[in-house]
Amino acid sequence: MILKQSFLHIFLVFTSLIIHIDLCAQNDIDILINKMSIEEKVGQMTQLNLGFLSSSTNQHDGKIKQIDSNKLINAIKNYHVGSILNTAGTAYSIEKWHKILTQIQDIAMTTELQIPILYGIDAIHGVTYTKGSTLFPHNIGLAATRNPSLIREIAKVTAKETRASGIRWNFDPVLDIGRNPLWPRFCETFGEDPYLVSSMGSEIIKGYEADGLSNYTSVSSCMKHFIGYSDPKSGKDRTEAYISDITLWQKHIPSFKAAIDAGASTIMINSSMINDVPVHSSYELLTNLLRNNLGFKGMIVTDWEDIIRLHERHKIASSPREAVKIAINAGIDMSMVPNSYSFCEHLVDLVRTGEIPETRINYSVRRILELKKKLGLFNNPYPEKEAFKNFALKEYKTLALNSAEQSLVLLKNKNQILPLPKDKKYLLLGPATNCLSALNGCWSYSWQGDKENVYPEDGKTILDVFKLRFKKNQILCKANNQYSNPKNFVINFSEEEINKVDYVILFLGENAYAESPGNINDLKLDYNQIELAKKAISTGKKIILVLIQGRPRIISDFSENIDGIINASLPGSMGAQAIVNLIFGDFNPSGTLPFTYPANTGDILTYDHKNLSAMIRTAPNKRKYGGYNPEFKFGDGLSYSNFSVSELKLSKDTLIKSEKINVSFLVTNYGLIDGNKNIDMFIKDHFASLAPDVKNLKGFKKVFLKAGEKKTINFEIDKNDLFFYDENGIKLFEEGIFSIQIEDEIKSFYFIP
């Protein structure tokens, strides 16, 4: 039986190669399209969930399901399905992935046209669904590194491990801009600034695709979620947003434009609506804006079940059939259905009745087939042996540790309490102390990332690392590995035991969650954690707070009485080691916040707010300025070194037309140890015909200085740093005064366009 299966596999590979050679010789995907029936074309536009093709339809019960061969055959042979996604359970071993993907492609190779299946997966902050893969910090932490080359290196590793798993399409990166910290996918963003999101997101794209899609070190990227998904009015996932055209152009479109320019091959659409129009239904957004204006040539895929939701949730389509008609006419290429054949049936009927022309279908099918060809699937649809050697290499863990260290942000260090001495006694408290899922967050070996039993056996919690590095009598801790266990919110030690402690270290924040299950009504930290912090403070000991969280949870009830504060975000598989390294000075922190950390739930204001937002009216006819009063500001981040910025100079005081201005300044490390310094450059437009922001990020650099060293650093600016968009996306260049700000240094110049 095994010999027969092996022979069949070799035969299918050989025949698929013959078809590939024939296609290449005729050099035209159109020849293949002309051979296809309407059903075959519609099948290519259909993406099904692997769980739907398994023995159970309960997608998120965490159990491994058996793939149903008969369901696979029905999907591929009878419905001609062109794409499959996801797992049927949690993470698979790489061997299991290869077996499943080979089974799928074997069936595809027995069809008349032998069109390979395009498999897609959410490989978020590393390869989410493959056992033994390397998980890196989430994007919100990577943005804190201000290190684009590091971001690209991480993307290349993710691409290699995804391809090694046999998968060539990754639903990443998230390019939504994190304007509302209530939003449960905030951790997947690169923060609140469009320039920062654009810079980091384009590096991810290049890391995934720069080697060429046919190369076994690359995957097809999928920028998401176009557009406006991340700023819902309520803060809840997949709920409506109200965003002006000007704000769309100023804040939300730039990151997608940068990704398109970087070569992103696919895009996923916002599940929700903007200004009462579901994005999946909008010809204006998907065709006029995305295709015609921004110039995107690649393939458009829906998010989960979002076509039928035009009927079920948005209520703009009176039936599922009408929903399909609306979405396809708007510009959708592929439907992530994902758990039925309704899309196939409705779209075939719409074409046969003439309500959607077959020529419209051909455009989408061509994009899908061209992507498959670029990925080398027609040449070899099976998992590649060459790719397998790039899985789970030792240097990936080194990279994960390095990126986790750079992502950590030291926000408070009263009287230089940090780093702590290594010969003292420590009381460890809080639900994140002994929890793997809290460190890794969503998309970590499962969708929610909260299943401790599926994490690798060598995964380490913070308590694990402490036990490895310190003597038993130095650690006082009873933390349970279940985040919500009541034992994690009490101080269960005698007064005598506590008196012997030198420092209390609190590990607070959030447990893992993904998407809608992470919805909250209040940014304030959970009540039990606030009470635990207050109890810790009442001991009279020095307190270090480490926040392990996907978004900024408000801590103003007790933060004033904390001596040291570290924002760790979601640091990934090497996060525990990185956190302990920072606390005890094994490296010098350099991370800086990519978002504004609010002090109050009702005061969510980004750093690039309008001048009007900064005004506080304290009484009738009285006012004062200074309304931006967060717990911590965008760009905040301390070091164990003492850096200063001075001698800011501009090469000229007037910028005319296409000239450039050189910006130079001196950075000095007055500290006793070497360190990296993240430097943000802001530009302020003093007056404009559309109300300007108080300032905008226009450049950043990471600079290394030895103890006592001075360096002159340079930026270069031109008119492309000085425009703003109108409501039609037209760039406006206006004469006037602008200022450069780098930390407390400010210099002004005049611009004549």
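The values are calculated or read from the model by the stated rules, or taken from the named source; none is laboratory data. Because the structure is a prediction, the values reported are computed rather than measured. Don't worry about glycine lacking a Cβ; one is built from the backbone with ideal geometry, like all the others, and counts go over all protein chains shown. Each accessible area value is taken on the protein alone, full model and side chains, heavy atoms only, with ligands, DNA and RNA left out. Shrake-Rupley method; radii C 1.70, N 1.55, O 1.52, S 1.80 Å.
Divide by every residue of the chain the summed helix terms, -39500 (n - 2.57) for each DSSP H run of at least 4, and state the resulting mean residue ellipticity at 222 nm, rounded to the nearest 500 deg cm²/dmol.
Helices in the chain give a 222 nm mean residue ellipticity of -8500 deg cm²/dmol.
What's the ranking of 293-303, 122-132, 719-729 by average number of surrounding C-beta atoms within 10 Å, highest first?
122-132, 293-303, 719-729
Can you tell me the orientation of helix 253-262 relative to the chain, as the angle in degrees between its alpha-carbon axis and the longest Cα principal axis, to the nearest 10?
60 degrees
Name the residues whose placed amide hydrogens come within less than 5 Å of the amide hydrogen of Ile566, ignoring near sequence neighbours (fewer than 5 apart) on the same chain.
The list, which skips near neighbours in sequence, is Leu411, Leu545, Val546, Leu547.
Determine the distance separating the Cα centre of the range 648-697 from the Cα centre of the range 253-280; give it in Å without decimals.
If you average the Cα positions of each part, the centres end up 30 Å apart.
What is the Cα centroid distance between the range 475-536 and the range 555-621, reported in whole angstrom?
Comparing the Cα centres of the range 475-536 and the range 555-621, I get a distance of 19 Å.
How much net charge surrounds Lys524 when only other residues with a Cβ under 15 Å from its Cβ are counted (Lys, Arg +1; Asp, Glu -1)? All intermediate terms of the calculation are to be shown ahead of the outcome.
On the way: positive: Lys534, Arg551, Arg553; negative: Glu510, Asp522, Asp526, Glu531, Asp557, Asp603, Glu631.
In short, -4.
Can you give me the C-alpha center-to-center distance between the range 705-753 and the range 312-353, rounded to a whole angstrom?
Each part's Cα centre sits 47 Å from the other's.
Give me the percent relative contact order of the range 186-263, please, defined on Cα pairs under 8 angstrom at least 6 residues apart.
39 percent
How large is the accessible surface per residue of the chain, computed with a 1.4 Å probe and reported in Å² as a whole number?
Spelled out: the 1.4 Å probe surface of the chain, per residue, equals 39 Å².
Using modelled backbone amide H atoms (1.01 Å from N, in-plane), which distant-in-sequence or interchain residues come within less than 5 Å of Phe643's amide H?
Result for Phe643 returns Tyr670.
Of the listed peptides 335-345, 516-526, 431-441, what is their order by residue-averaged count of other C-beta atoms within 10 Å, with the highest listed first?
431-441, 335-345, 516-526
Using per-residue counts of other Cβ atoms within 10 Å, averaged over each peptide, order 188-200, 669-681 from highest down.
188-200, 669-681
Could you check how much of the accessible area of the chain is carbon and sulfur, as a whole percent, using a 1.4 Å probe?
In the chain, the share of accessible area belonging to carbon and sulfur is 49 percent.
Within the range 95-115, find all residues whose amide N lies under 14 Å from a label point positioned 7 Å from the Cα of Asn74 along Cα-to-beta-carbon.
Counting only backbone N, you get no residues.
What nm value, rounded to one decimal, do you get for the distance between Ile604 and Leu732 when each label is placed 7 Å out toward the C-beta?
According to this spin-label approximation, the distance is 2.8 nm.
Residue by residue through the range 437-442, what is 3J(HN,Hα) from phi via Karplus (6.51 cos²θ - 1.76 cosθ + 1.60, θ = phi - 60°)? Round to whole Hz and write x for glycine and proline.
Listing the rounded values in order: 5, 5, 5, 9, x, 5 Hz.
For Asp693, what is the net charge nearby, where nearby means another residue's Cβ is under 10 Å from its Cβ and Lys, Arg count +1, Asp, Glu -1? Display every interim value, and only then the final one.
Values: positive: Lys251, Lys610, Lys684, Lys695; negative: Asp608, Asp685.
Counting the neighbours of Asp693, the net charge comes to +2.
Let me check I've understood the local charge: for Phe733, count other residues with C-beta under 12 angstrom from its C-beta, Lys and Arg +1, Asp and Glu -1. What total comes out?
Counting the neighbours of Phe733, the net charge comes to -3.
On a 1.4 Å probe surface of the protein chains, which of Trp447, Trp183 comes out largest in accessible area, and what is the full order? Working shown, then result.
Numbers: Trp447 60, Trp183 0 Å².
From most exposed to least exposed: Trp447, Trp183.
Tell me, what ³J(HN,Hα) does each residue in the range 193-210 have, in order and in whole Hz, if you take phi through Karplus 6.51 cos²θ - 1.76 cosθ + 1.60 with θ = phi - 60° and put x for Gly and Pro?
Values, residue by residue: 9, x, 5, 5, 4, 4, 5, 6, x, 5, 5, 4, 4, 5, x, 6, 10, 5 Hz.
Run the simple label-point estimate for Thr287 and Lys99 please: 7 Å along Cα→C-beta, distance reported in nm.
For Thr287 paired with Lys99, the spin-label model returns 4.7 nm.
Given R₀ = 25 Å, what would the calculated FRET efficiency be for Lys472 paired with Glu495, taking r from the Cβ atoms and rounding to 0.05?
Details: r = 21 Å, r/R0 = 0.84.
Working from the Cβ atoms, E equals 0.75.
Set the bar at 21 Å for Cα to Cα. Now go through Lys233/Lys297; Lys467/Lys677; Lys414/Lys534; Lys422/Lys472; Lys41/Lys385 and name every pair that lies beyond it.
In this structure, Lys233/Lys297; Lys467/Lys677; Lys41/Lys385 lie more than 21 Å apart at Cα.
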